[in-house]
Every structure is written in structure tokens, then in C-alpha cells.
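Structure first, commentary second.
The values are calculated or read from the model by the stated rules, or taken from the named source; none is laboratory data. Remember, predicted model here, so these are calculated numbers, not experimental data. Heads up, the Cβs are rebuilt from the backbone with ideal geometry, glycines too, and the neighbour counts pull from every protein chain shown.
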Amino acid sequence: DAKTTQPPSMDCAEGRAANLPCNHSTISGNEYVYWYRQIHSQGPQYIIHGLKNNETNEMASLIITEDRKSSTLILPHATLRDTAVYYCIVRVAASGSRLTFGEGTQLTVNP
Amino acid sequence: GAVVSQHPSRVICKSGTSVKIECRSLDFQATTMFWYRQFPKKSLMLMATSNEGSKATYEQGVEKDKFLINHASLTLSTLTVTSAHPEDSSFYICSAATGPGLGNTIYFGEGSWLTVV
């Protein structure tokens with residue numbers, strides 16, 4: 001599976017943008033980048049996914065570099081409720097809908 | 001939007017008994033669902049792939065006779081932990097995709113906490 005690398009932890013001030021990076025240098029051309037977050041004691045929550053174009057929805061924006069080797073998840077105005085572990089996952093063609101989770105980034109939004 | 005629901009959210013069972021956890025896709029059909037487990041402060045680990053109408057596919061190291069999976073319909077998969085032991089206590093999570101393509105969204109259930117006493 002295409003491996004992803006994320007910083008183990010990040011801090012962000014409430015109301016500011018949170019920019020969470022992810023490296024996926026071995027990604028293949030038809031593999032999507034997915035982002036999920038997990039708040040303590042809950043199942044992972046889908047945030048956004050993309051192939052090569054930047055994507056935006058009501059939760060976040062996903063910026064994928066032109067070479068697709070890295071991406072950044074942007075939470076434009078972080079709130080305390082955004083404190084969670086954020087997982088960047090490459091959905092591999094050979095694995096179908098089986099997702100391999102790394103350790104993710106623990107984002108802490110501070111008041 | 002599409003929702004995946006699990007039941008029960010929390011269950012306590014006695015050692016040696018069996019417990020069943022249900023995973024339902026509420027507004028879409030899922031020929032394939034996935035079961036994960038998660039230990040405290042650890043990431044999710046895939047246990048098995050649940051296939052509607054056929055046998056489940058288990059990841060290496062997962063005992064298929066201990067973790068029975070049944071996918072009887074396009075909206076329901078069940079995980080039964082048989083002869084449960086305290087070391088089976090964990091957070092169990094299921095997921096399902098809204099379609100087969102790589103661009104389709106994969107949703108997760110709320111998770112089920114199992115405590116074996």
C-alpha cells in the first residue's frame with residue numbers, strides 16, 4: 001500500500017486555520033487521497049477526498065501538489081471541536097475499499 | 001448523506017460467552033463491508049472483509065473461528081466474537097463504501113466498545 005507520513009501532533013489556535021500536511025510520495029496515478037478524523041471514542045469521520053484537483057466542502061479544503069506526492073488538509077477556522085486525530089490515507093487500487101490507517105496527526109485546538 | 005450505523009455502541013459480556021455486533025448501511029447498499037478493531041491510543045487495524053453472500057476474508061493473524069462474520073444482506077453485516085476473553089476487549093468499527101470505484105466515499109460506523117469481564 002502507498003504509505004503516508006504525517007506529523008504525530010500539531011497545535012492550532014481557535015479561529016485560525018489548521019493546515020495538516022501529509023506525504024504520500026509512492027502514490028500511483030489512479031489512487032485517491034482520503035482524509036478522516038477520529039474524535040475520542042468515536043468511529044472515524046469522513047472529511048474529504050481527492051485525486052489530483054484541489055477539493056473543498058463544508059468541512060475542509062484539500063490541496064494536492066501537482067506531483068501528487070503530498071497534500072494538505074485545511075480547516076479554515078478551527079474550533080475546539082476540531083480537536084481529533086486526523087488520518088491521511090491513500091486508497092490503493094489493489095485494495096479496493098480496504099483502508100490502511102497510519103498513526104495520524106493529533107490536532108489540538110487551543111482556546 | 002450516507003450513514004453506517006453500529007449496534008450496540010457498548011456491550012459488556014462475561015468471559016466465555018459470545019457477543020454479536022451489527023453494522024448497517026442505512027441509505028445505500030454495500031456488497032462489501034469491513035471490520036476493524038482499535039486498542040486504546042492505537043490506530044485502526046483491519047480485521048476482515050465481509051462479503052455479501054459469500055465467506056469473509058480475514059487479515060493475517062485474525063482467527064476466523066473466533067471472529068465470525070456474516071453478511072446476510074446488502075445492508076447488514078454482523079461480527080460475532082465467540083468465547084470472548086478479556087483480551088478481546090476493544091473498540092470494533094465497521095465501514096462500507098457507497099460504490100466500488102476508488103472515488104466513492106467510505107463511511108465508518110460509530111464503533112462498538114466491547115468489554116469482556
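Considering only residues that are assigned to a strand (DSSP E or B) and more than 12 Å from B:Ser15 (Cβ to Cβ), which ones fall in segment B:69-88? Passing the criteria: B:Ile69, B:Asn70, B:His71, B:Ala72, B:Ser73, B:Leu76, B:Ser77, B:Thr78, B:Leu79, B:Thr80. Scanning segment B:22-53 for residues that are in a strand (DSSP E or B) and acidic (Asp, Glu) gives a single hit, B:Glu22.
If you check A:Gln106, A:Gln42 for being over 28 Å from B:Thr32 (Cα atoms) and surrounded by fewer than 21 Cβ atoms within 10 Å (Cβ to Cβ), only one passes: A:Gln106. If we scan segment B:50-72, do we find a residue that is buried (at least 19 other Cβ atoms within 10 Å of the Cβ), within 14 Å of another protein chain (Cβ to nearest Cβ) and within 25 Å of A:Val33 (Cα to Cα)? So far as segment B:50-72 goes, yes, one or more of its residues are buried (at least 19 other Cβ atoms within 10 Å of the Cβ), within 14 Å of another protein chain (Cβ to nearest Cβ) and within 25 Å of A:Val33 (Cα to Cα).
When segment A:41-81 is limited to residues that are on the phi < 0 side of the Ramachandran plot and of a type in the set (D, E, K, R), the one that is modelled with the lowest pLDDT turns out to be A:Lys52.
Only residues that are touching a His at 6+ places or on another chain (Cβ under 8 Å), within 27 Å of B:Lys41 (Cβ to Cβ) and away from chain B (no Cβ under 14 Å) were counted in segment A:59-111, giving 2.
Beta carbons closer than 7 Å, at least 6 apart along the sequence or on distinct chains, pair a first residue in segment B:98-110 that is facing another protein chain (nearest Cβ under 7 Å) with a second that is of a type in the set (D, E, K, R) and part of a strand (DSSP E or B) for B:Leu102/A:Arg91. Applying the condition of being part of a loop (DSSP other than H, G, I, E, B) and among the hydrophobic types (A, V, I, L, M, F, W, C) to segment B:1-21 and asking which residue is modelled with the highest pLDDT yields B:Val3. Any idea which of (1) closer than 27 Å to B:Ser112 by Cα; (2) part of a strand (DSSP E or B) is the one A:Ile63 doesn't satisfy? The failed condition is (1). The single condition among (1) at pLDDT 95 or above; (2) within 25 Å of B:Val3 (Cα to Cα) that A:Ser97 does not meet is (1). The set of residues in segment B:88-97 that are within 10 Å of chain A (Cβ to nearest Cβ) and either surrounded by fewer than 15 Cβ atoms within 10 Å (Cβ to Cβ) or small (Gly, Ala, Ser) (or both) comprises B:Ser95, B:Ala96, B:Ala97.
The condition of being in contact (Cβ under 8 Å) with a residue 24 or more places away in the chain, surrounded by fewer than 16 Cβ atoms within 10 Å (Cβ to Cβ) and either in contact with a Phe, Trp or Tyr (Cβ under 6 Å, 6 or more places away or on another chain) or within 13 Å of chain A (Cβ to nearest Cβ) (or both) does not hold for B:His85.
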